[in-house]
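Here is the structure we will look at, set down as structure tokens.
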Amino acid sequence: MIYLRAWGVPDSYGVGPIQEGERAIMRSFRDLFPGIDPVSTTGLSLGGDRTDQMMPFMQIAGGIAPDVLNVSFGQSQTYISMGLLYPLDEYVEKLAGVKIENGQRLSTKEYLAQLKLGPGWPIIEDRVPQQCWEVMRRLSRDGDGYHIYAFPVGPIVEGLTYDRLLFAEHAHQGIEMRVPRDWEEFMAWAKILTDPAKGKYGLRVSSTAPAYTFLNFLYSAGGDVVHQVQPEDAAYYRRKMNNLQTGDWVCVFDTQEAVEAAYFWARLRFEKVFRDGQFICRGVVRSAEDSSVDLYQYGMQFNFLDDRFLWGAEDQTRGFGPVPAGPTGLQRSGFSSRMVGIFAGLENDPRRRDAAWEYIRFYDGPEARRLRVQKMVQAGLGPFVRRKLLEQFNTDGQYNSIIRQISPDLERTYEIAFAGGVPAPYGKNCQYVLREMLYPLEAIWNSDEIRDAMDAGDETKAKFLISGILERATDRINIKMLGNLPPEMARQQNIISWGVIIVVLVSFTVVLRMVFKAFTPEHHQDLGSWQFRKYWKPYLIAMPALLLIAIWMYWPMFKGSVIAFQDYNVMGDSKWVGTANFSTVLYSSEFWTSLWVSILYAAMFMAFGFCTPIVLAFLLSEVPRGKVLFRTIYYLPAVLSGLVVVIMWKSFYGAEGMINQLLNGPIWLVNLLFDQDVSYFNENWLQNPHWALFFCLLPTVWAGVGPGCLIYLAALKTVPEEIYEAADIDGAGIRHKVFSIAVPTIKILVMINFIGAMIGAIRGSGGFILAMTGGGPYTETGGATEVVGLKLFYTTFGYLQFGVGAAMSWVIGAMLIGFTVFQLKRLSNVEFRTAGA
């Protein structure tokens, strides 16, 4: 039995015809291939939009790689460049019924001409949209030719959905039961639908990924986000950027078409809405979290249309259609497809590899489509199924009545949408393009100057300001995401990176020498040798510990030093890249943001987590009775499982959690006694960028205060009672006893713990925050709780960028080395004696 870890295996709990159809497909596949059992590729779910991007990488790093991977357009180039996908040429050619010699040397056009000669070409033509070929067939990592690395299992295109009830409510104002035809009609209808006082808005936009909406306007205006350099324009781009070659990708977010789309984007936010001559509000759009419970009504929103899996057809309260036409009459929207590939690690396991292909071939094959259609018809949703699918499986005429019910507009909607579908960006690092577009889009919506220019009717000035924002965004995307640097900047970064590397090496060398000097007794420093002959027994006793430390600490550190100068690949064939990884770290705004978040976290931890146990120890030492009870109460949180602590405190921070209940208690009392209507707190505190970091800290303080308190309490017990008695005789008060007797006694312990706690707070806070928030909530500046340790984890294991992660580790280590030196010098001056001495 082959247990095939595969994308697309449904769970057992989903309800509805779509989920029932998916489970029926799995049952049919297992019946047809009894030796193959597909299982789900579940993994760690992270905060924000990172789960889909990181999960496959983390599974690969953890040795549980999926046999069948989900390959998005944006992620495809990253997978190919890392060598994570196995070429599917032989399987596709077998499906077509042809054998193409040296197919990797042919262009895609020539290769398709050969495939079309096979008897199985109609099957491939039906399953692979034309837009997918340039994405799925790409140049290999080693440059030996072009190969097919992914296979589509369901094309999707962006369309516009509308609320049927809301449209019907405003039919008397000229709104028809269809999508708007162009931008001006879209704006006019959105203004009619918008009424913030009643919780109604013309358009809903995702607050975390507004680019999904904006791309439809950009494409319909004739623009694009990124462009693949062609031979005819290579010279033009090479003058602007460093080492640019034909086939490389550049950002073209600053064209006149992009300015037109961005100006309409600004109109959605700033244009005033009037009702019966009265000003109602500014803008027809509202941003909302994708995963949040939303109580508002939205007339329209952009969503994906699916002509095969039929997702979304279950919601009969919404109609859908193609995107509105742009200023020149274009109706273009984002096109993508669910694609899957075979993990390259199966190269030497043909049996499992063949099983993976059978799964891919079956997943969107005729039997799978028949089962999906059957479940939709049984649920009464037959009229929303594509006509071609119903006709394909109407063998006995059982779907004749349903086919007659299908609206011609439905078919026209799909034809227009798919004909104008623009493939989603699929070049280098294009999985990040939507996140990078967030910054200029937010900047346009937050610009007072653009708003004032539009209020004054100065369209030229507004477009000029927008053009500047887009130009700066284009430069940043080319530098940060695509790595296209001007020659002068590339040289500058290289020089600075070498300078940082030299500083790191010198720092660690100096610290190593200081360690040896600080901990070597003075009478041994003059001897100048290790004196193995004289002290062979102590050396022999220490040898096992030294070997373990060398194997588990210094060997990984040495290996990491090598990896820091490589484009390290888990599949092998790592390449030397010089200082590129250090440049990536030093010029990453996300790294510096995470470092700043770590400093804030460390400062709060020192204020609350470090000082609280000391204060508590002093208080407990003065309690006249019940000391054992209080110590037990304070220590109990430390014995709880970390998972229990996380789950408990996360429930406290929810909308109905304990924090809101405590805050709402006084509000309820004020409203009751003084007949007020003060709003109650309904905040999810871990989703609040201003408070999330503080509330992530509280569970750590709560669980750690008990053990820390006992350590300081034990230290306070070493103070002789005679000293306190003498102080009482001299008339000393509690303040003098604490600061003149107790604090000096435990000062060394406090100093040692202080440095250790500071380093630990900066380096070791990532694990707990990963469980609490995953680094979110995310804003345009980065993750509000993404500390540098979590950033390092995401970079190394979430994106498999081991070289960048190793360079990041050295940079962080160099920054923390000053704390280490201070701690070591303090320790070298401490004399440890027994209590009797």
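Hey, got the dipole for the chain? About the Cα centre, +1 on K and R Cβ, -1 on D and E Cβ, debye to the nearest 20?
Working: 76 positive and 82 negative charges, 443 e Å.
Here the size comes out at about 2120 debye.
From largest accessible area down, sort Arg286, Arg138; use a 1.4 Å probe on the protein chains.
Details: Arg286 60, Arg138 20 Å².
These residues rank, largest area first, as Arg286, Arg138.
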### Message
Can you list residues from other chains, or at least 5 along the same chain, whose modelled amide H is less than 5 Å from the amide H of Asp248?
### Response
Val229
### Summary
Computed, not fitted: 222 nm per-residue ellipticity of the chain from DSSP H runs ≥ 4 (each -39500 (n - 2.57)), nearest 500, equal to -16000 deg cm²/dmol
## Note on the structure
Straight-line reach check, Lys116, cutoff 18 Å on alpha carbons, 8 or more apart in-chain or any other chain, hits among lysines -> Lys94, Lys99
#### Entry: Inter-part distance where segment 755-773 and segment 1-29 are each reduced to a Cα centre, Å
39 Å
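With a cut-off of 8 Å between alpha carbons and a minimum separation of six or more residues, what is the relative contact order of segment 489-625 in percent?
Working: 34 pairs, mean separation 33.0, N = 137.
Relative contact order, segment 489-625: 24 percent.
Arrange the residues Ile148, Ile502, Ile748 by how much accessible surface each exposes, largest first, with a 1.4 angstrom probe. Provide the component values of the computation, followed by the final result.
Working: Ile148 0, Ile502 100, Ile748 65 Å².
My answer, sorted largest first, is Ile502, Ile748, Ile148.
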### Task
Tell me which residues come under 5 Å, amide H to amide H, from Ile280 once H is placed; ignore anything under 5 positions away on its chain.
Val273, Phe274, Arg275
### Message
For a Förster distance of 35 Å, can you work out the FRET efficiency between the beta-carbons of Met658 and Glu442, rounded to the nearest 0.05?
### Response
0.55
### Query
Could you give me the ³J(HN,Hα) list for segment 567-582, computed from phi with Karplus coefficients 6.51, -1.76, 1.60 and θ = phi - 60°, whole Hz, x at Gly and Pro?
8, 5, 10, 5, 8, x, 6, 6, 10, 7, 10, x, 8, 4, 5, 5
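How big is the charge dipole of segment 60-107 about its Cα centre, in debye rounded to the nearest 20, if each Lys and Arg gets +1 on its Cβ and each Asp and Glu gets -1 on its Cβ?
Details: 3 positive and 5 negative charges, 15 e Å.
That gives a dipole near 80 debye.
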### Message
From Cα pairs below 8 angstrom and at least 6 apart in sequence, can you work out the relative contact order of the chain, rounded to a whole percent?
### Response
15 percent
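Over segment 390-449, give the accessible area per residue in Å² for a 1.4 Å probe, as an integer.
Numbers: 2750 Å² over 60 residues.
Heavy-atom accessible area per residue stands at 46 Å².
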### Task
Just flag the GluC sites (Glu not before Pro) in segment 321-389 sitting in loop per DSSP whose Cβ has no more than 14 other Cβ atoms within 10 Å.
Glu347
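Going down the table (Lys480/Lys559; Lys480/Lys791; Lys198/Lys272; Lys650/Lys791), which pairs top 19 Å between alpha carbons? Each step should come with its number before you reach the end.
Details: Lys480/Lys559 27 Å; Lys480/Lys791 17 Å; Lys198/Lys272 17 Å; Lys650/Lys791 22 Å.
Pairs exceeding 19 Å: Lys480/Lys559; Lys650/Lys791.
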#### Entry: Val503 paired with Ser651, simple spin-label distance in nm, labels 7 Å along Cα-to-beta-carbon
4.8 nm
### Query
Taking square-rooted eigenvalues a ≥ b ≥ c of the alpha carbon gyration tensor, is the chain rounded, prolate or oblate, where a/c under 1.5 means rounded and, failing that, a/b exceeding b/c means prolate?
prolate
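Run through the DSSP bridge list for the chain and note the antiparallel percent, rounded to the nearest 5. All intermediate terms of the calculation are to be shown ahead of the outcome.
Values: 36 of 52 bridges.
The antiparallel fraction comes to roughly 70 percent.
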### Query
If a helix is a whole DSSP H run, which ones in the chain reach 30 Å or further along their own axis (Cα) and hold a mean Kyte-Doolittle hydropathy of at least -0.5?
459-480, 487-519, 692-716, 802-828
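With +1 on each Lys and Arg Cβ and -1 on each Asp and Glu Cβ, and nothing else charged, work out how big the dipole of segment 1-154 is about its Cα centre, in Debye to the nearest 20.
Working: 14 positive and 18 negative charges, 22 e Å.
That gives a dipole near 100 debye.
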### Summary
Given Cβ charges of +1 for Lys and Arg and -1 for Asp and Glu, the option among Gly654, His170, Phe302 whose Cα lies farthest towards the positive end of the dipole of the chain is Gly654
### Task
With the convex hull built on the Cα atoms of segment 351-442, state its orientation-averaged projected area in nm².
10.4 nm²
### Query
For segment 23-158, what % of the accessible area comes from carbon and sulfur atoms, probe 1.4 Å?
51 percent
#### Entry: Quarter of Cα convex hull surface for segment 651-806, i.e. mean projection, nm²
15.4 nm²
### Task
Return the whole-Å distance between the Cα centroid of segment 489-516 and the Cα centroid of segment 782-805.
22 Å
### Task
Any chance you could look up the accessible area of Leu629 with a 1.4 Å probe, heavy atoms only, rounded to 10 Å²?
110 Å²
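Let me know the shape class of segment 531-580, please: from the alpha-carbon gyration tensor, a ≥ b ≥ c as square roots of the eigenvalues, rounded when a/c is under 1.5, otherwise prolate if a/b is greater than b/c, or oblate. Please list the in-between numbers first.
Details: a/c = 5.32, a/b = 3.25, b/c = 1.64.
Verdict is prolate for segment 531-580.
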### Task
Please work out the Cα center distance from segment 169-238 to segment 600-644, rounded to the nearest Å.
55 Å
### Query
Which of Leu438, Ser507, Ser679 sits farthest toward the positive end of the charge dipole of the chain, with +1 on the Cβ of Lys and Arg and -1 on the Cβ of Asp and Glu?
Ser507
#### Entry: Most to least packed among 787-798, 441-452, 710-721 [average Cβ atoms within 10 Å]
787-798, 441-452, 710-721
### Query
What residues qualify as long-range amide H neighbours of Phe320, i.e. H under 5 Å apart, gap of 5 or more or another chain, H built at 1.01 Å from N?
Tyr162
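First check a/c for segment 533-680, with a ≥ b ≥ c the square roots of the eigenvalues of its C-alpha gyration tensor; if it is under 1.5, answer rounded, and if not, answer prolate when a/b is larger than b/c or oblate otherwise. If you can, show how the numbers build up before the last one.
Working: a/c = 3.20, a/b = 1.52, b/c = 2.10.
Oblate shape, in that a/c is at least 1.5 and b/c is the bigger or equal ratio.
Report D for segment 206-273 in µm² per second (integer): Stokes-Einstein, Kirkwood Rh on Cα pairs, 10 °C, 1.306 mPa s. If you can, show how the numbers build up before the last one.
On the way: Rh = 13.6 Å.
For the chosen part, D equals 117 µm²/s.
The values are calculated or read from the model by the stated rules, or taken from the named source; none is laboratory data. Every value quoted in this text rests on a predicted model; they were computed, and no experiment measured them. Neighbour counts run over all protein chains shown; Cβ positions are idealised from the backbone, glycine included. Keep in mind that these areas ignore ligands, DNA and RNA; they rest on the heavy atoms of the full protein, side chains included. Shrake-Rupley method; radii C 1.70, N 1.55, O 1.52, S 1.80 Å.
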